[in-house]
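First up is the structure itself, then whatever we jot down about it.
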Amino acid sequence: MKGGALRITVFGVVQGVGFRPFIYRLARHYGYKGWVKNAGRGVEIHIEKGIKTEFQDFLRAIVEEKPPLALVERLTFKPAAFKGFRDFAVKKSKQGKRFVFIAPDISTCPNCHHDIMNPGDRRFRYPFTNCTDCGPRYTIVKALPYDRSNTTMSGFPMCPECSAEYHDPLDRRYHAQPIACPRCGPSVILRKARTGKEIPGGIERAAELIKKGKILAVKGLGGFHLACDPLNPDAVRRLRKIKERETKPLALMALDVKTVEKYACLKPAERKWLLSERRPIVLLKKKRDIPGIAPNLDEIGFMLPYTPLHYLLLENLKLIVATSSNKKDSPIMKEEDEGICGLCDYVLGHNRPIAMRADDSVVKAVGASPLFVRRARGYVPYPQKVPAELRSSQDVLALGGELKDTVSIYKDGYVVTSQFLGDLDEYPNHLYFKETIGHLMTLFDVKPACVVSDLHPDFHTTRYAQRLGLPHLQVQHHHAHVLAAMLEHGTAPETKVLGVSWDGYGYGPDGEAWGGEFLLADYLGFERLAHFEPVPLPGGDLAAKQPWRMALSYLHEAGFASVPRAGILKNVEMKKIQGVLEMIKNRIRSPLSSSCGRLFDAVSALTGTSPLENDFEAEAAMRLEAAASSRIQASYPFVITKENRLFRISFTKTIKNILADLDYGLPPRLISSKFHNTLARVIVVIAQMARKESGIDTVVLCGGVFCNKRLLSRASDELERKRFKVLRPVVYSPNDESLSVGQIAHALARLKEGKGLSL
Ligand code: ZN
Ligand code: ZN
Ligand code: FE
């Protein structure tokens, strides 16, 4: 009797993630015959049974029980001719040049953890243990197809035992490209940094040295960490000196959740992310402060171990500082010869090369959903689906902005965005930028039809784009922020949104410095609906470094005849104050800007929460947010004026009222709360105007300012109460990391319009 047969195709991240062996086991479980093979961007399956049968359970199991690294985007099936196969086989695949997703690096799975902790296992205490469900991926691939020979494991021939596991479809390590064991795989090397001399004792010795107060460079997946004992103030101080970072928060790695809970409060979503196989740094509310780790902030960043090496290192230590090994303004170091010895006392390295750098990802919770502060290791690469109406058969390359840059590629209906690359005004990061473009273009076989950059004529990315000899598109900074969120949420091209695009700086089409923007936008273009009243930035870039300069600028705008010695201004020499005031009055080196970030700086300085000088970007704003701790509902007044069709929002009244509150003795935590409420209020008022005038009911909250949890939550809540649909970046960071994504969206819309590619 003839039975039934089914042909199934699964699209998504299904290659190199143990998907075929999973199907093999599943088919055997159901007693099906047939085959499975890699095909194009997916996996093709033929199953059949000699008797009439329903395949529903099998289909459901594919989606529900898939391997942890797999990502099923789409599954199609149709009846097929019954062939009478005798068994179920994993077919060899032809190697073609096709778009195949590479999985991100995934933390050690429970099975591998069990192996390294089990004295009877041949991988007992082996720091490079991995399997099909876990281990390095993106950071070790050099080219496609994803085979061992194309990874940095190519120099480690498999021993017979590993080879047997590798070739057995029923083994957990079947086709695990980085498979290794103590006999054939990489090994750790501990060195004294100053002399380079190898010293015995490996990971156990390294842990002892950390305990003794030494600073160690520890090679992980995407680069070296600098590690020390967080409870040793001298070690922390020394580490800060080496990193040239006075107050920038340092991330901690804890052995387990129990250790984390000693120092931080943990909500269910945060616990889930800490334990997730992507192992980001999660920013948590402080419970017990560790001095010097995250000074002046109310949050502290924790992650859990993500390689066997980390587990072994932390076994007795329980808690270490694990901050990326870079000097200020340079990328994370990946190999010893990049100067790692200059940053530490000892180096715990290993001989598996890193193909691609990647920092740790940083995420925090807004309600139960994630807000990315930095997106890199564990999350990259991720295939972001593009709305059907925007898809093109041509490839696109987008280069992002300048600070906190990423690059993105578009191919076959998906956008793939790089890891966070840092600030490209620094030369070493510019090399990292080029390294990453090369990596992505090779991995995904991209032949861009055009290149997209920011509108800024002097950004390195813009100049780089001009040199590529491709059609070159430019997208306005704040428009790109809005588009990134639209693309991520699959917004249809006919939809117009109100983009609340707030950050420190972006180049406007009028050549001015934009920053507190309300844009009526779709994929093709935008209209500037409203913006913050521009104020002078005394000293240009210096104004972003020294928050008190912005306080003076706003005081001058508000018409104060004499300078009140409020907040941080008390600590500034009168001579300096006079000098800067002269600059403001006479518009000397004081360009105008509608920046939202600089307004935060001004308020932070006036309330005395800001530092005299920022050690890192947005420090003053972050401290102001951390200071707010009240459920107070009051807000400050602000003034909206209208000229032609453009609204301008003036905060001089806000500033006057803040000073009155300061005079009255109101503490910063109340003033900061009221200030946050004020900005949320501005958003709602403008949104209601936009709805009245243009019938818009979708609001996008984007730009670096929306890394501010308090503002984001409050604005979202209030907008939703007024029945607006609120979109905010969830997959990407709201900061400039998302620019390249938005740039792709605009380019695709242009390609669709057939408008040609020159602007
Ligand atoms: Zn594993
Ligand atoms: Zn082996
Ligand atoms: Fe921005």
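The values are calculated or read from the model by the stated rules, or taken from the named source; none is laboratory data. Keep in mind the model is a prediction, meaning the values are calculated, not measured. Heads up, the Cβs are rebuilt from the backbone with ideal geometry, glycines too, and the neighbour counts pull from every protein chain shown.
List of remarks:
- Hits in the range 196-242 (condition: buried (at least 17 other Cβ atoms within 10 Å of the Cβ), of a type in the set (Val, Ile, Thr) and outside any helix (DSSP H, G or I)): ILE215, VAL218
- LEU190 being assigned to a helix (DSSP H, G or I) and either in contact with a strand residue (DSSP E or B) (Cβ under 8 Å, 6 or more places away or on another chain) or surrounded by fewer than 21 Cβ atoms within 10 Å (Cβ to Cβ) (or both): no
- Tallying residues that are farther than 26 Å from ASP412 by Cα and not in a strand (DSSP E or B) within the range 23-44 yields 9.
- Meets criteria (within 16 Å of ligand 2 (Cβ to nearest atom) and more than 30 Å from LYS142 (Cα to Cα)) for ASP57: no
- Condition check for SER610: in contact (Cβ under 8 Å) with a residue 40 or more places away in the chain, of a type outside the set (D, E, K, R) and in contact with an Asp or Glu (Cβ under 7 Å, 6 or more places away or on another chain): yes
- Residues being at pLDDT 85 or above and either touching a Pro at 6+ places or on another chain (Cβ under 7 Å) or not hydrophobic (A, V, I, L, M, F, W, C) (or both) - total across the range 6-41: 17
- The listed residues are SER738, SER733, SER713, SER672, and the only one of them that is more than 16 Å from ligand 2 (Cβ to nearest atom) and either without any contact (Cβ under 8 Å) to a residue 60 or more places away in the chain or surrounded by fewer than 24 Cβ atoms within 10 Å (Cβ to Cβ) (or both) turns out to be SER713.
- A residue that is within 15 Å of ligand 1 (Cβ to nearest atom) and modelled with pLDDT of 95 or more cannot be found anywhere in the range 69-86.
- Within the range 540-555, the residues that satisfy the criterion of being surrounded by fewer than 21 Cβ atoms within 10 Å (Cβ to Cβ) and of a type outside the set (Asp, Glu) are GLY540, LEU542, LYS545.
- Of the residues making up the range 150-168, just one is away from ligand 1 (no atom under 16 Å from the Cβ) and of a type in the set (D, E, K, R), namely GLU161.
- Of the residues making up the range 620-669, those that are in contact with a His (Cβ under 9 Å, 6 or more places away or on another chain), of a type outside the set (S, T, N, Q) and surrounded by 17 or more Cβ atoms within 10 Å (Cβ to Cβ) number 5.
- The residues in the range 153-176 that are surrounded by 15 or more Cβ atoms within 10 Å (Cβ to Cβ) and away from ligand 2 (no atom under 16 Å from the Cβ) can be counted, and the count is 1.
Let's see how each residue does on (1) away from ligand 2 (no atom under 16 Å from the Cβ); (2) at pLDDT 95 or above:
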site	(1), (2)
GLY120	yes, yes
PRO127	no, yes
VAL141	yes, no
LEU144	yes, no
ASP147	yes, no
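- The residue that is nearest to the chain's Cα centre (by Cα), among those in the range 1-33 that are surrounded by fewer than 23 Cβ atoms within 10 Å (Cβ to Cβ) and closer than 30 Å to ASP445 by Cβ, is GLY12.
- If the condition is being out of contact with any Leu (no Cβ under 6 Å at 6 or more places or on another chain) and within 16 Å of ILE649 (Cβ to Cβ), then the range 529-552 contributes ALA530, HIS531, PHE532, GLU533, VAL535.
- Among the candidates ASP423, ASP412, the residue that is within 16 Å of ligand 3 (Cβ to nearest atom), among the charged types (D, E, K, R), surrounded by fewer than 23 Cβ atoms within 10 Å (Cβ to Cβ) and at pLDDT below 95 is uniquely ASP423.
- If you filter the range 707-756 down to residues that are among the β-branched types (Val, Ile, Thr) and within 19 Å of GLN476 (Cα to Cα), you find that the one that is farthest from the chain's Cα centre (by Cα) is ILE744.
- Index of the failed condition, CYS112 passing every other in (1) buried (at least 16 other Cβ atoms within 10 Å of the Cβ); (2) away from ligand 2 (no atom under 16 Å from the Cβ); (3) not in a loop (DSSP other than H, G, I, E, B): (2)
- Boolean, ALA485 is out of contact with any helix residue (DSSP H, G or I) (no Cβ under 7 Å at 6 or more places or on another chain), within 23 Å of VAL726 (Cα to Cα), within 16 Å of ligand 3 (Cβ to nearest atom) and at pLDDT 95 or above: yes
- Pairs, first within 20 Å of TRP514 (Cβ to Cβ) in the range 541-556, second at pLDDT below 95 and part of a helix (DSSP H, G or I), C-beta under 6 Å, six or more apart: none
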